[in-house]
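This report refers to the structure that appears directly beneath it.
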Amino acid sequence: MQNGSFTFIVFGKTPCECWTSRKPCITHFHIFGWIIYEHVHEEKRQKFDVHFVKRKFIGYGGHDGIKGYHL
């Protein structure tokens, strides 16, 4: 024990999986710089306006317990 914490090798498992005994969900992960289409709400568009705007994913956001993405 060098740095004051116990470590050991567990092959094929993440630390989260060792702690909770289930695999973590990573379906919400995105690739940085990926092209994403953001939906434009009905209140912010006219009848023939586009429904989606092309954006680039730049990171994960959110504060005060609110989840979100930076586009």
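The values are calculated or read from the model by the stated rules, or taken from the named source; none is laboratory data. What you see is a predicted model; the values in this text were computed from it and never measured.
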Exactly one of Phe11, Phe48, Phe6 is at pLDDT 80 or above and outside any strand (DSSP E or B), and that one is Phe48
Consider the range 51-70. How many of its residues are of a type in the set (A, V, I, L, M), at pLDDT below 85 and not in a loop (DSSP other than H, G, I, E, B)? 0
With respect to Cys18, is the statement that it is at pLDDT below 80 and not in a strand (DSSP E or B) true? yes
Complete set of residues in the range 27-45 that are in a loop (DSSP other than H, G, I, E, B) and β-branched (Val, Ile, Thr): Thr27, Ile31, Val40
